[in-house]
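Asks: This structure is in structure tokens; I'll ask about it shortly.
The values are calculated or read from the model by the stated rules, or taken from the named source; none is laboratory data. Bear in mind that the values here come from a model prediction, so they are computed numbers and not experimental data. Note: ideal-geometry Cβ built from the backbone for every residue, glycine included; neighbour counts use all protein chains shown. Calculation scope for accessible area: heavy atoms of the full protein, side chains included, ligands and nucleic acids excluded. Shrake-Rupley method; radii C 1.70, N 1.55, O 1.52, S 1.80 Å.
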Amino acid sequence: MSDASVHRPRAFRSATEETPALRIALIAIAVAGLAILVFAPLAVVFAEALKNGWLAAVESLGNRDARSAIRLTLLITAIAVPLNAVFGIAAAWLITKFDFRGKAFLITLIDLPFSVSPVVAGLCIVLLFGANSLVGGFLVAHGWPIVFAIPGIVLATVFVTFPFVARELIPVMIEQGRTEEEAALTLGASGWRTFRTVTLPNIRWALLYGTLLCTARAMGEFGAVAVVSGKIRGQTATMPITIEMLYNEYLSVAAFSMAALLTALALVTLLLKTLLELRHADQLAAIRRH
Amino acid sequence: MPGLGLSGGITLAMLSVVVLLPIGALLLQGVNFGLSNVLAVVARERVQAALLLSFKLSLLAAIFNLVFGVVLAWVLVRYRFPGKRLLDAAVDLPFALPTAVAGIALTALYAPNGAFGGLAQSLGLKIAYTQAGIFIALVFVGLPFVTRTVQPVVEEIDREIEEASATLGASRLHTLRHVILPMLTPAALTGFALALARAVGEYGSVIFIAGNIPLRTEIAPLLIVIQLEEFNYDAAAAIGIAMLVISFAMLLAINLIQIVSRRKMGHV
């Protein structure tokens, strides 16, 4: 104990903290990694869209095909997301309010679309509903084409987003148990009224959260839709499909302008999601615990 | 409790129409085509190369995300620094950003005339239109999984355990390596499995940057699309079935590893 350390005590460091050098190194890795992997691509989308100025970017979104793609994507999302929300609520109610055999298997089946490639999902839909299949042939003969038409795109979108809402609701509803609903029913409320006035307020933020994630994915789905849509310009070309077509035609500004529009929507989604996580941390905490 | 019929009906009806019947149609197509024919398609050189490429690069990308994701989760929970909230929100961007957008953005960035691609070229490296480009796209789409599964576990680590370890004379690195890391392993493996499953099936973000050269940078999902464009439904179904089987086998293997690691490492 004769050296200088007696006179110059080192700064206090808790035993449960890393050395400053290690800490700075880890933060640097995290920041640099995200800068390269996430922020750089994000910046490129807007830079490429605005390469020829604002006017060119906005103009490219105004033509007929672009407008029809935007309309189609909004339409598909407006159909697919509510379908998914209804399914998610029904599945979560079934799984959390009743006891039955095979529940784990049912949950596995609901999660199945997560481990299926979107392209394979599209392929499955083409094989079931395509014009040369049994079911598809019948539907086409009666004027109800599924594949290369809007219903097929909706089906593909619902497939890839299938578990989103159910997955967020199930953990929240498990934690809340059944006692509140049982009390309402004992007091004479109908099943619907119990759901509307007791269950729904308890799960609304989780429902909104799941719907938000579902919406983001639904608007941006590419692989599954690419297979079933037939890519008919002005008819079955969604925004992501249009991006691909424009890009392959070397119309870079137009492709990136549409991409920037979708990116802006994705950023809004992220912002809303972050706000929800801050404001309603208690309800959403259940999702993270499971 | 009311609503068994309604909720059960909706659940089973939608599950059947959207998921089970379509997957059934795929398997049926394979059965009608015949097992030997399915195997013959899968054994084609181009199909083998694509499957191998998809799974090899997905594995590499998932391993990268495993390491980076654990570091990121640790930094986001334990350290305070300016811009941390922004960083935390940015982790989810690959979930929110449409894959086609990610695909063209990464290509613009890593192509020889792009910002990073130009830099790489001056070092004599080529990223876009090679396997390295596919790797980067797969890292991008799998980025959030490990971080998001590990973060809640880091939040719940009891500091007393770390204090006990320090009191017993362990260095900080020793504590991290032998006390903290084992606690994070099961969650990290879950995230790894999710990232791997996502990468194997990924299409949109890869096809732009891959260059799609047969035998070299052609991924398995693209082969399905090519077969479909040629109205070759049997071959498309064969490759689709092969992908399904392989990804389920991998998920099964990872679940087994997880069960073993949970048993070895204790709870979580």
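Asks: In segment A:32-118, which chymotrypsin sites (Phe, Trp or Tyr not before Pro) fall in coil by DSSP and have 16 or fewer other Cβ atoms within 10 Å?
Replies: Sites meeting the loop and neighbour criteria: A:98, A:100.
Asks: Between residue B:215 and residue A:232, what's the calculated FRET efficiency when r is the beta-carbon distance and R0 is 35 Å? Round to 0.05.
Replies: 0.65
Asks: At R0 = 35 Å, how high is the FRET efficiency between residue A:100 and residue A:281 if r is their beta carbon distance? Nearest 0.05 is fine.
Replies: 0.60
Asks: Another one. According to a simple spin-label model (label point 7 Å from Cα along Cα-to-Cβ), what is the distance in nm between residue B:229 and residue B:261?
Replies: 3.9 nm
Asks: Which of the chymotrypsin sites (Phe, Trp or Tyr not before Pro) found in segment A:244-290 are in a DSSP loop and have at most 15 neighbouring Cβ atoms, other than their own, within 10 Å?
Replies: A:250
Asks: Then there is this: With solvent modelled as a 1.4 Å probe, how much accessible area in total do chains A and B shield from it at their shared surface, in Å² to the nearest 100?
Replies: About 7300 Å² of accessible surface is lost on pairing.
Asks: While we're on this one: What does the net charge come to around residue A:202 if you take all other residues with beta carbon closer than 15 Å to its beta carbon, with K and R at +1 and D and E at -1?
Replies: -1
Asks: So for segment B:17-267, averaging the separation of alpha carbon pairs under 8 Å that are six or more residues apart and normalising by length, what relative contact order in percent results?
Replies: 31 percent
Asks: A further question on this structure: How many nm separate the modelled label positions at residue A:134 and residue A:204, each set 7 Å beyond the Cα in the direction of the Cβ?
Replies: Calculated label separation equals 4.7 nm.
Asks: Loop-only check: which trypsin sites (Lys or Arg not before Pro) in segment B:1-92 are DSSP coil with at most 13 other Cβ within 10 angstrom?
Replies: Here the trypsin sites (Lys or Arg not before Pro) that fit, given the DSSP loop and packing criteria, are B:80.
Asks: Hey, another quick one. Residue A:31: net charge of surrounding residues, Cβ under 14 Å, Lys/Arg +1, Asp/Glu -1, itself excluded?
Replies: +3
Asks: Springs between alpha-carbon atoms under 10 Å, Gaussian network over chain B: tell me which of B:191, B:204, B:118 tops the mean-square fluctuations.
Replies: Highest fluctuation of the listed residues: B:118.
Asks: With a bin width of 10 angstrom, please list the P(r) values of segment B:82-200 as percents of all Cα-Cα pairs, from the 0 bin to the one holding the largest distance.
Replies: 12, 29, 28, 20, 10, 1
Asks: Follow-up question, since we're still on this one. Excluding ligands, DNA and RNA, what is the solvent-accessible area per residue of segment B:57-136 at a probe of 1.4 Å, expressed in Å²?
Replies: For segment B:57-136, the per-residue accessible area is 40 Å².
Asks: Extending each Cα 7 Å along its Cβ direction at residue B:179 and residue B:157, get the distance between those two points in nm, one decimal.
Replies: Result for the modelled spin labels: 0.9 nm.
Asks: Now for a separate question. What fraction, in whole percent, of alpha-carbon pairs in segment A:88-128 exceed 13 Å separation?
Replies: 62 percent
Asks: While we're on this one: Please give the FRET efficiency for residue A:78 paired with residue A:54, using the beta carbon to beta carbon distance and R0 = 22 Å, rounded to the nearest 0.05.
Replies: 0.15
Asks: With the solvent-accessible surface defined on protein heavy atoms using a 1.4 Å probe, which residues belonging to segment A:114-162 display a reduction of at least 50 Å² in accessible area in the multichain context relative to the isolated chain?
Replies: Residues meeting the cut-off: A:115, A:119, A:120, A:123, A:124, A:127, A:128, A:159, A:162.
Asks: Shifting gears a bit: Take each complete run of DSSP H in chain A, measure how far its Cα atoms stretch along the helix's own axis, and keep only those covering 18 Å or more with mean Kyte-Doolittle hydropathy at least 1.0; list them.
Replies: A:20-34, A:64-97, A:252-279
Asks: Right, something else. Roughly speaking, what % of Cα-Cα pairs in chain A are separated by over 23 Å, rounded to a whole number?
Replies: Here the long-distance tail beyond 23 Å is 67 percent of all Cα pairs in chain A.
Asks: Accessible area per residue of chain A at 1.4 Å probe, in Å²?
Replies: Per-residue value: 47 Å².
Asks: Can you tell me the accessible area per residue over segment B:208-259, all protein chains present, probe 1.4 angstrom, in square angstrom?
Replies: 41 Å²
Asks: Full extension from residue B:89 to residue B:32: what is 0.36 nm times the residue separation minus their Cα-Cα distance, to one decimal in nm?
Replies: 15.7 nm
Asks: Of A:209, B:129, which has the most accessible area with a 1.4 Å probe, and how do the rest follow in descending order?
Replies: Correct descending sequence by accessible area is B:129, A:209.
Asks: Ignoring any ligand, DNA or RNA, what whole percent of the accessible area of the protein assembly as shown comes from carbon and sulfur when the probe is 1.4 angstrom?
Replies: After summing per-atom areas, the C and S share lands at 66 percent.
Asks: Sequence neighbours fewer than 8 away in the same chain don't count; with that in mind, list the aspartates and glutamates whose C-alpha is under 17 Å from residue A:231.
Replies: Those aspartates and glutamates meeting the cut-off are A:65, A:221, A:244, A:249, B:229, B:230.
Asks: Now for a separate question. Under the rule of -39500 (n - 2.57) per DSSP H run of 4 or more residues, summed and divided by the residues of chain A, what mean residue ellipticity at 222 nm is obtained, to the nearest 500 deg cm²/dmol?
Replies: My calculation for chain A gives -23000 deg cm²/dmol from helical runs alone.
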